[in-house]
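The next block holds one structure in the form of structure tokens; read it before the comments.
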Amino acid sequence: MTIPTLTGYPDTPTTCRVWCRWCCTWHIHGQEDPDEIRHRVAHCGQHSPYWHSSYHMRGTATPWDQVRRTIRTASIAQQNVISRGETTPAIDRLRAQPDPEP
Ligand SMILES: [Zn+2]
């Protein structure tokens, strides 16, 4: 199984945010130095493919605040649908968004 690499955008002095297209939300992890890649345990629900594969996180110097508004996240109602392992056309569109530019 190929382990995907996601970008971790610095948020606070000690944490960063990772865009998860399966959960349609930003997961919070400990910060990583720019261009360092480390294996992370996925902060996903059990229906996410990342639940099984986990992911690698690559640090970047680009702050989360600079990219957060380029991504639309799931509403609370949509998060409930996602947590049941179901989807809707709107959730499919959220998942099809291009990744932010690191
Ligand atoms: Zn996730």
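Residues of region 87-102 that are surrounded by 11 or more Cβ atoms within 10 Å (Cβ to Cβ) and closer than 24 Å to Ile3 by Cα: Thr87, Ile91, Arg93, Leu94, Arg95, Gln97, Asp99, Pro100, Pro102.
When Ser75 is tested against (1) over 15 Å from Pro4 (Cβ atoms); (2) under 13 Å from the mean Cα position of the chain (by Cα), only condition (2) is not met. Being among the hydrophobic types (A, V, I, L, M, F, W, C), in contact with a strand residue (DSSP E or B) (Cβ under 8 Å, 6 or more places away or on another chain) and at negative phi is a description that does not apply to Ile91.
Note on region 1-75: enclosed strands (runs of 3 or more DSSP E) holding 3 or more residues that are within 15 Å of the ligand (Cβ to nearest atom) and either surrounded by 14 or more Cβ atoms within 10 Å (Cβ to Cβ) or free of Cβ contacts under 8 Å to residues at least 24 places away in the same chain (or both) are 5-10, 15-20, 25-30, 55-59. Within the span defined as region 31-52, every residue fails to be closer than 17 Å to Pro98 by Cα and touching a Gly at 6+ places or on another chain (Cβ under 7 Å).
Here, each number is a calculation from the coordinates, and none is a lab measurement. Only a predicted model underlies this, so the values are computations on that prediction, with no experimental measurement involved. Please note: Cβ atoms are built from the backbone with ideal geometry, for glycine as well, and neighbour counts cover all protein chains shown.
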